[in-house]
Structures are given as C-alpha cells and as structure tokens.
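Beneath this line is the structure, given in structure tokens, with notes to follow.
The values are calculated or read from the model by the stated rules, or taken from the named source; none is laboratory data. None of the values given here were measured: they were computed from a predicted structure. Every residue, glycine among them, receives a Cβ derived from its backbone with ideal geometry; neighbour counts consider all protein chains shown. Only protein heavy atoms, including side chains, enter the accessible area calculation; ligands, DNA and RNA are left aside. Shrake-Rupley method; radii C 1.70, N 1.55, O 1.52, S 1.80 Å.
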Amino acid sequence: MKIDVLTLFPESIEGFINESIIKRAISSGKVEINLINFRDYSPLNNKQVDDTPYGGGAGMVLRCEPIFNCLDEIKTPDSYVIMLTPEGNTYNQKIAKSLSLKKHIILLCGHYEGFDERIKTLVDEEISIGDYILTGGEIAASAIIDSVVRLIDGVITKDSLESESFNDNLLDYPTYTKPSEYRGLKVPDVLISGNHELINKWREEQKKEKTKNKRPDLLK
Ligand code: ADE
C-alpha cells in the first residue's frame, strides 16, 4: 500500500511514522508513506497557500491551486482521496478495515479555517476523527495511518487482530496477568482453571456484558 500525506507540517508526522510498528511496516515494504508539503505546489512567488475568505469572515482559507497541482501529479485511478475535516464521516474500525484494502490512499490535512470548497470535487471521502476541532489534520492523518497500517496483511499477527475491540461490534474481554492476586484484587478463578472451553465461554459473555454496559450504541 502507498499512503501520501499532503500537509504543511510534514515534521509533525515524520517522528510518528518512524517509530515501532509503522516503522517496521515501512522497512519491510508493506507500506510506503510519503509526506508531501503542498506549499511546494503553490504557483505564487511567495509560495502562499492560503487567503482570506470571499464574503469576509474570520481566518484564512486554503487555496485551490497547491492541492489541485499536487493531485494532478500524484493521483492515479487506484487513488482514494481523503479530506481530514471535522465535518466528515466519523472514523471507526469499519472504515479502517475498508481503507486497509486500498492500494493508494491520499490524506489531505487542512489548516486555518479549512479548505476552499472546490477542493472537495477531488475527494472520495471526508473523514473526522471525532466531534472536536483540531488545529490541523495531521493528528487525524496519524490516527488513520496507525489504525490502517496495523491491519495490512502481515504487519501484526492474525491472532492479535482477531481478539480486539470492535470486531463483531463488541468490545474486547478483560485481560489479566501475574500476579494472580494483588492488593486483595483477584484474577477471576475461571482464567486460572486451565479449562479452555470455560475460559472461551466466559470471555464471550464478558464481551457482550462489557459492550452492553459501556457502549450500548455498538449493539444497535
Ligand atoms: N481537522 C480539524 N479537526 C478535525 C477532526 N476532528 N477530524 C479530522 N480532521 C480535523
């Protein structure tokens, strides 16, 4: 998979992709990630990328030309273009799974008051990572990169992916490790019983119970 990130602040993502699982996925060729500063595509002498909004109002708006120019160069029929914006579809594990199957993802990170509306004509999907306003799309792009890359075939073990929250719309079961008792807090007996049939049954029940209590919206 190839991921291109269009950003005015590539350094803010650089450190993040050079750590841990993402770094390994890049080294092993499972994913290629390019951080592209779209300021380089501004046709203006001073490399300006933003301007005041027509009709007046607060803040600066990202101009069309840098992003259109950049996409002219990098977009192919395999590309899936995502705009990071608080107005987009709320991101979740289902969207992450669908993105992990794409060949080429392009992430557009906004800044300031947002994008000139015409940029949306180039976009396949608008995504928000939650109902709050970030100063730019870089944290949202990083969240998407992290959650998508770990789902690419061979990046982490199948076992790890099978037992985690949001599979089948359920939260994961509770886990414990040694010691079996700590400050009077005991690990449930069933987990120490060695009976795997009982353990699996308990885990399935816990997943449903936990989801019902903490995230009933997932069960709808
Ligand atoms: N840009 C600013 N806020 C955002 C959000 N919540 N999600 C995605 N991109 C954003």
- prompt: Since Tyr80 meets every condition but one in (1) open to solvent by less than 80 Å² (accessible area, probe 1.4 Å); (2) aromatic (Phe, Trp, Tyr); (3) more than 23 Å from Gly154 (Cβ to Cβ); (4) not in a helix (DSSP H, G or I), which condition does it not meet?
  reply: (3)
- prompt: Looking at Glu113, is it assigned to a loop (DSSP other than H, G, I, E, B), open to solvent by 70 Å² or more (accessible area, probe 1.4 Å) and within 14 Å of the ligand (Cβ to nearest atom)?
  reply: yes
- request: Search segment 125-137 for residues that are over 12 Å from Gly110 (Cβ atoms) and pair each with any residue that is within 6 Å of the ligand (Cβ to nearest atom) when their beta-carbon atoms are under 7 Å apart and the residues are at least 6 apart or on different chains.
  value: Ile129/Ala140
query: What number of residues within segment 179-208 satisfy the criterion of being closer than 16 Å to Ser163 by Cβ and either surrounded by 10 or more Cβ atoms within 10 Å (Cβ to Cβ) or β-branched (Val, Ile, Thr) (or both)?
result: 11
- line: Checked against (1) more than 13 Å from the ligand (Cβ to nearest atom); (2) of a type in the set (A, V, I, L, M, F, W, C); (3) assigned to a helix (DSSP H, G or I), Ile144 satisfies every condition except (1)
statement: For segment 111-132 the number of residues that are modelled with pLDDT of 95 or more and within 25 Å of Gly55 (Cβ to Cβ) is 11
query: Which of the residues that make up segment 152-171 are open to solvent by 30 Å² or more (accessible area, probe 1.4 Å) and assigned to a loop (DSSP other than H, G, I, E, B)?
result: Asp153, Gly154, Ile156, Thr157, Ser163, Glu164, Ser165, Phe166
- prompt: What residue, among those in segment 121-130 that are more than 7 Å from the ligand (Cβ to nearest atom) and assigned to a loop (DSSP other than H, G, I, E, B), is most open to solvent (accessible area, probe 1.4 Å)?
  reply: Asp124
- request: Consider only pairs whose beta carbons are under 8 Å apart and that are at least six residues apart or on different chains; among these, list those whose first residue lies in segment 86-101 and is over 22 Å from Gly136 (Cβ atoms) and whose second residue is within 16 Å of the ligand (Cβ to nearest atom).
  value: Gln93/Ser147; Ser100/Val148
query: Within segment 50-79, restricting attention to residues that are in contact (Cβ under 8 Å) with a residue 40 or more places away in the chain and either acidic (Asp, Glu) or within 16 Å of the ligand (Cβ to nearest atom) (or both), which residue is farthest from Glu138 (Cα to Cα)?
result: Ala58
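A quick yes/no check of all residues on (1) within 16 Å of the ligand (Cβ to nearest atom); (2) in contact with a strand residue (DSSP E or B) (Cβ under 7 Å, 6 or more places away or on another chain); (3) of a type outside the set (Gly, Ala, Ser); (4) within 29 Å of Ser20 (Cβ to Cβ):
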{"position": "Ile152", "(1), (2), (3), (4)": "no, no, yes, yes"}
{"position": "Ile156", "(1), (2), (3), (4)": "no, no, yes, yes"}
{"position": "Glu164", "(1), (2), (3), (4)": "no, no, yes, yes"}
{"position": "Tyr173", "(1), (2), (3), (4)": "no, no, yes, yes"}
{"position": "Pro188", "(1), (2), (3), (4)": "no, no, yes, no"}
{"position": "Gly194", "(1), (2), (3), (4)": "no, no, no, no"}
- request: Test each condition in (1) farther than 17 Å from Met1 by Cβ; (2) within 16 Å of the ligand (Cβ to nearest atom) for Arg118 and report the one that comes out false.
  value: (2)
statement: Those residues of segment 7-17 which are without any contact (Cβ under 8 Å) to a residue 12 or more places away in the chain and open to solvent by 70 Å² or more (accessible area, probe 1.4 Å) amount to Glu11
- request: Go through the residues of segment 32-42 one by one and say whether even a single one is part of a loop (DSSP other than H, G, I, E, B) and touching a residue at least 40 places away in the same chain (Cβ under 8 Å).
  value: no
